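Participant: This is the structure, below, for whatever I ask next.
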Amino acid sequence: MTKTWTHIPILAPEIADLLLIHPEGKYMDGTLGLGGHTHYFLTRLGKTARVFGFDRDEEALQMAQEKIKDERLITFHASYTQAPQLLATQGILPLDGILLDLGLSSYQLDNPARGFSILHDGPLDMRFDVGSSLSAATIVNTWPLEKLVQILKDYGEEHRAEEIALAIMRARKERPFTTTHQLAQLIETVIPRRGKNHPATQTFQALRIACNGELEAVAQIMEALPRLLKSGARAAVLTFHSLEDRLVKNRFKELAQSGQWRLVNKHAIAPSYEEVRQNRRARSAKLRVIERS
Ligand SMILES: C[S@@+](CC[C@H](N)C(=O)[O-])C[C@H]1O[C@@H](n2cnc3c(N)ncnc32)[C@H](O)[C@@H]1O
């Protein structure tokens with residue numbers, strides 16, 4: 001029997017209330033994933049509305065299409081950073097709203113074959129798009145010490161970056177890294193397990209961000225918002241760690257200071273206690289929404 005993967009969309013009704021203010025509008029879901037948000041949005045949108053769903057993960061896109069089966073959804077196997085160009089050439093711009101639900105889905109995290117998880121052993125992969133050339137294994141096996149230290153510090157906010165990077169350099173000379181457990185176990189020799197977070201958590205986050213160019217992509221789409229949205233349109237962004245939230249917060253502040261945009265919520269919206277109780281992955285989520293005047 002094949003396993004059915006799931007991902008519970010976070011703050012879905014709250015986002016729909018804030019984002020779908022033109023029921024017959026054109027919307028972009030830049031991170032379609034398993035389509036949880038879009039599936040819900042389509043129940044709230046009119047007959048002529050359209051949702052343009054992007055994802056770098058082809059497998060996720062296929063699962064979303066199978067689940068949703070609605071001609072109002074048009075999918076693109078592409079990065080959301082390609083949306084300005086792809087949507088412009090098809091005469092779709094400007095849009096009424098954009099959702100970005102950043103990071104990775106539960107399906108990607110829970111599927112050992114994708115190599116994101118410390119808990120399940122699998123190939124050390126971590127690519128959102130399995131067609132892209134840079135995997136986490138390539139980074140740990142080939143990058144020089146300084147670059148490893150830099151990503152561990154910048155993307156993992158790992159205090160023991162040098163020690164971990166040196167241990168990786170030593171270990172890879174003996175045997176190149178191929179699996180998630182091999183790396184997680186090495187890090188445990190540097191930082192012993194204590195508390196409920198695995199000591200490799202920050203390293204795994206750093207590798208995932210580096211491997212997928214995640215922060216560059218967020219910065220790029222934030223820059224592109226004026227090219228994508230019409231007057232009265234909104235962008236809603238869900239972030240899961242301080243690095244990506246800072247990029248969104250600063251860009252929204254800059255847009256609001258221009259006088260041509262308005263922050264819909266002054267402070268980030270967090271999921272309720274009840275939602276976090278039902279879905280642990282919601283615990284670090286922050287939602288920010290902006291409107292073009
Ligand atoms: C948190 S999940 C989205 C889940 C979705 N909202 C749902 O309810 O099912 C994030 C998704 O964004 C995708 N992703 C990450 N970076 C991307 C990018 N630059 N362009 C397009 N998709 C991206 C990942 O592959 C993943 O499927």
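Read-outs: derived from the displayed coordinates by stated rules, not from any lab. Quantities reported herein were computed from a predicted structural model and do not represent experimental measurements. As a convention, Cβ positions derive from the backbone with ideal geometry for all residues, glycine included, and neighbour counts pool all protein chains shown.
Participant: Return the residues of the range 64-99 that are buried (at least 22 other Cβ atoms within 10 Å of the Cβ) and within 17 Å of the chain's Cα centre (by Cα); say none if nothing qualifies.
Facilitator: Residues satisfying the conditions are ALA64, TYR80, ALA83, ILE98, LEU99.
Participant: Could you say which residue among ARG208, ARG227, ARG281 is over 18 Å from THR31 (Cα atoms) and either free of Cβ contacts under 8 Å to residues at least 12 places away in the same chain or of a type in the set (D, E, K, R) (or both)?
Facilitator: It is ARG227.
Participant: Of all residues in the range 190-248, count the ones that are buried (at least 19 other Cβ atoms within 10 Å of the Cβ), among the charged types (D, E, K, R) and either farther than 30 Å from MET169 by Cβ or more than 13 Å from the chain's Cα centre (by Cα) (or both).
Facilitator: Residues flagged as buried (at least 19 other Cβ atoms within 10 Å of the Cβ), among the charged types (D, E, K, R) and either farther than 30 Å from MET169 by Cβ or more than 13 Å from the chain's Cα centre (by Cα) (or both) within the range 190-248 amount to 2.
Participant: Of (1) hydrophobic (A, V, I, L, M, F, W, C); (2) at negative phi; (3) crowded, with 21+ Cβ neighbours inside 10 Å, LEU11 satisfies all except one. Which?
Facilitator: All conditions pass for LEU11, except number (2).
Participant: I'm trying to understand the selection: among the residues of the range 26-49, which are surrounded by fewer than 22 Cβ atoms within 10 Å (Cβ to Cβ) and within 14 Å of THR75 (Cβ to Cβ)?
Facilitator: HIS39, LEU42
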